[in-house]
Amino acid sequence: MQKGVTLWFTGLSGSGKSTIASNVEAVLKDQGLKVEVLDGDEVRTHLSKGLGFSKEDRDTNIRRIAYVAKLLTRNGVLAITAAISPYREIRDEARENIGDFVEVFVKCPLNTLVARDVKGLYEKAIKGEIANFTGVSDPYEEPLNPDVVVETDKESIEESVAKVLGTLAERGYIPSSIVSQPVEAR
Ligand code: ADX
């Protein structure tokens, strides 16, 4: 019987949270595990529709995500969240409420993100066209004791995915046989 857990990704916009999350999801689903992804951008189109980026709205967004993740986790699902979740206190609150919780810090230097600027948002934020942009004009509080750190400017997606799977296996949330499967980037 699968034991539920929340795999909580945190990191700046464009750091690779969604990419790694969806690759982890694909590997685990291939192995027949029950997995749900709560992706920041997607959650904001329904569950958190209408919320903005003030501290209050972000906290509400993260608490909603944590609430759904908790329901999934206690029903034996591997819940994956991928929102910036910039505030340490709210992430720690989620950990406390959920219990089975693995925090992944998706680390990437800001200058790399600005150079990549996949969504074109950093340029706008630097010009002042987007207010309160995380990492530019709004805080990001790095985790002090993350369970996994992936460095997306230094590692391939496959390496980052393997690190995450390795930790889940070590903690007994997935069979260790999954970790030895080759991971193809999707
Ligand atoms: S969170 O802070 O509440 O966790 P969330 O992950 O849901 O953020 O949404 C972040 C995404 O919203 C970013 O990847 C980006 O595409 C978009 N976005 C729009 N405005 C902002 C902003 N001011 N700060 C950060 N992200 C923003």
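Coordinate-derived values only; no laboratory data. What you are looking at is a predicted structure, and each value in this text was computed from that prediction instead of being measured. Note that each Cβ is placed from the backbone with ideal geometry, even for glycine, and that neighbours are counted across all protein chains shown.
Checking the structure you have, find out if any residue of region 21-35 is of a type in the set (D, E, K, R), over 18 Å from THR6 (Cβ atoms) and surrounded by 15 or more Cβ atoms within 10 Å (Cβ to Cβ). Looking through region 21-35, none of the residues is of a type in the set (D, E, K, R), over 18 Å from THR6 (Cβ atoms) and surrounded by 15 or more Cβ atoms within 10 Å (Cβ to Cβ). For region 20-41, a residue qualifies if it is closer than 25 Å to VAL136 by Cα and in contact with a helix residue (DSSP H, G or I) (Cβ under 6 Å, 6 or more places away or on another chain), and the qualifying residues are ILE20, LEU38, ASP39. Region 14-104 holds helices (runs of 4 or more DSSP H) entirely within its bounds, and those carrying 2 or more residues that are more than 9 Å from the ligand (Cβ to nearest atom) and touching a residue at least 24 places away in the same chain (Cβ under 8 Å) map to 17-30, 55-74, 88-98. Annotation note: of ALA125, ALA115, the sole residue that is surrounded by fewer than 18 Cβ atoms within 10 Å (Cβ to Cβ), more than 17 Å from the chain's Cα centre (by Cα) and of a type outside the set (Val, Ile, Thr) is ALA115. Set side by side, the residues GLU103, GLU42, GLU56 differ, and just one is of a type in the set (D, E, K, R) and touching a strand residue (DSSP E or B) at 6+ places or on another chain (Cβ under 8 Å), which is GLU103. Of the residues making up region 133-175, those that are of a type in the set (Gly, Ala, Ser), surrounded by 13 or more Cβ atoms within 10 Å (Cβ to Cβ) and within 16 Å of the ligand (Cβ to nearest atom) number 1.
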